Structure formats: C-alpha cells, structure tokens
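The values are calculated or read from the model by the stated rules, or taken from the named source; none is laboratory data. Everything numeric in this text was worked out from a predicted model, so none of it was measured. Ideal geometry is used to build each Cβ from the backbone, glycine not excepted, and the neighbour counts take in all protein chains shown.
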Amino acid sequence: MINLTDKAVNEIKRLKSTEGETSYLRVQVVGGGCSGMSYKLGFDKEPPSDQDRTFERDGVMLAVDKKSFLYLTGTELDFSDGLNGKGFVFNNPNAKRTCGCGSSFSA
C-alpha cells in the first residue's frame, strides 16, 4: 500500500485541476539519480492496466506498476511547502540510502 498525506492529496487535486483531463497519478521507480533509483510522478490519461496496483484516497487515484510497487510498498507520499523547498516527499521504508536532495535512493 502507498499512503497519501492530506497535504499530498490537496496538492494533487490542485495540480489535477490545472492539467485538464487526467484520470490517475502514476508513481514509478526508474533507474538513475545519484543513489541508483529515482521517483517519477506524472498524470496519466489512460486507465491503468491489469498489471498496475491502484490506490484511492479522497478521490485521488494512484497507479503503480508491479515492478515499482516492490520498491514502494509502505511508502508515504507527502507534500512539503516549507523553507527547505516545495515538492513531493517520499517517506520510503524500503530505501537503504537516499541522496541529499531526497529524489533518489537505493534499496
């Protein structure tokens, strides 16, 4: 399961309203970044496939492919708008090491 905080839900809804016709927020883990793997977020207009895991909270639909889900199980997706920067934050219990900016990790 991937959990969304209230702040993340509100920001996703705000962004979705400016994106036009979207159905899901797709969360992926891709190779790259200074620690080996990076998070990727984007709106997807196509419905998820049978191979995707889907989650819903307060009307926000999230889709994750099976391979990415292995690295994201138990992750909390938050949104920070503090003094240290603005953006989505992944609190991933599977990450053994993260980079200084928090956008890449190793498992």
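Would you call residue 105 at pLDDT 90 or above and either under 13 Å from the mean Cα position of the chain (by Cα) or buried (at least 18 other Cβ atoms within 10 Å of the Cβ) (or both)? Can you show your working first?
Numbers: at pLDDT 90 or above: no; either under 13 Å from the mean Cα position of the chain (by Cα) or buried (at least 18 other Cβ atoms within 10 Å of the Cβ) (or both): yes.
Judged against the criteria, residue 105 is not a match.
In the range 56-86, which residues are in contact (Cβ under 8 Å) with a residue 24 or more places away in the chain and part of a loop (DSSP other than H, G, I, E, B)?
Once the filter is applied, which keeps residues that are in contact (Cβ under 8 Å) with a residue 24 or more places away in the chain and part of a loop (DSSP other than H, G, I, E, B), the range 56-86 yields 58, 59, 73, 74, 75.
Restricting attention to the range 74-88, and to residues there that are within 12 Å of the chain's Cα centre (by Cα) and of a type in the set (Asp, Glu), which single residue is surrounded by the most Cβ atoms within 10 Å (Cβ to Cβ)?
Within the range 74-88, the match that is surrounded by the most Cβ atoms within 10 Å (Cβ to Cβ) is 78.
From the set of residues in the range 23-47 that are touching an Asp or Glu at 6+ places or on another chain (Cβ under 7 Å) and outside any strand (DSSP E or B), which is farthest from residue 3 (Cα to Cα)? Explain how you work it out, then say what you get.
Just the residues of the range 23-47 that are touching an Asp or Glu at 6+ places or on another chain (Cβ under 7 Å), to begin with: 23-24, 26, 28, 43, 45.
So of that shortlist, the ones also outside any strand (DSSP E or B) come out as 23, 45.
Details: 23: 18, 45: 22 Å.
In this case the residue turns out to be 45.
For the range 39-57, name all the residues that are among the aromatic types (Phe, Trp, Tyr) and over 19 Å from residue 13 (Cβ atoms).
Step one: filter the range 39-57 for residues among the aromatic types (Phe, Trp, Tyr), giving 39, 43, 55.
Correct list: 39 only.
Filter the range 8-29 for residues that are free of Cβ contacts under 8 Å to residues at least 12 places away in the same chain and either on the phi < 0 side of the Ramachandran plot or of a type in the set (S, T, N, Q) (or both); which is surrounded by the most Cβ atoms within 10 Å (Cβ to Cβ)? Can you show your working first?
Quick first cut of the range 8-29, residues free of Cβ contacts under 8 Å to residues at least 12 places away in the same chain only: 14, 17-18, 20.
The next check asks that each one be either on the phi < 0 side of the Ramachandran plot or of a type in the set (S, T, N, Q) (or both); those that pass are 14, 17-18.
Numbers: 14: 11, 17: 9, 18: 7.
Within the range 8-29, the match that is surrounded by the most Cβ atoms within 10 Å (Cβ to Cβ) is 14.
Per-residue answers, yes or no, for (1) surrounded by 17 or more Cβ atoms within 10 Å (Cβ to Cβ); (2) more than 12 Å from the chain's Cα centre (by Cα):
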| residue | (1), (2) |
| --- | --- |
| 31 | no, yes |
| 41 | no, no |
| 45 | no, yes |
| 48 | yes, yes |
| 52 | yes, yes |
| 58 | no, yes |
| 62 | yes, no |
| 68 | yes, no |
| 72 | yes, no |
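Would it be correct to say that residue 5 is closer than 17 Å to residue 88 by Cβ, surrounded by 14 or more Cβ atoms within 10 Å (Cβ to Cβ) and among the hydroxyl-bearing types (Ser, Thr, Tyr)?
Numbers: closer than 17 Å to residue 88 by Cβ: yes; surrounded by 14 or more Cβ atoms within 10 Å (Cβ to Cβ): yes; among the hydroxyl-bearing types (Ser, Thr, Tyr): yes.
The answer is yes for residue 5.
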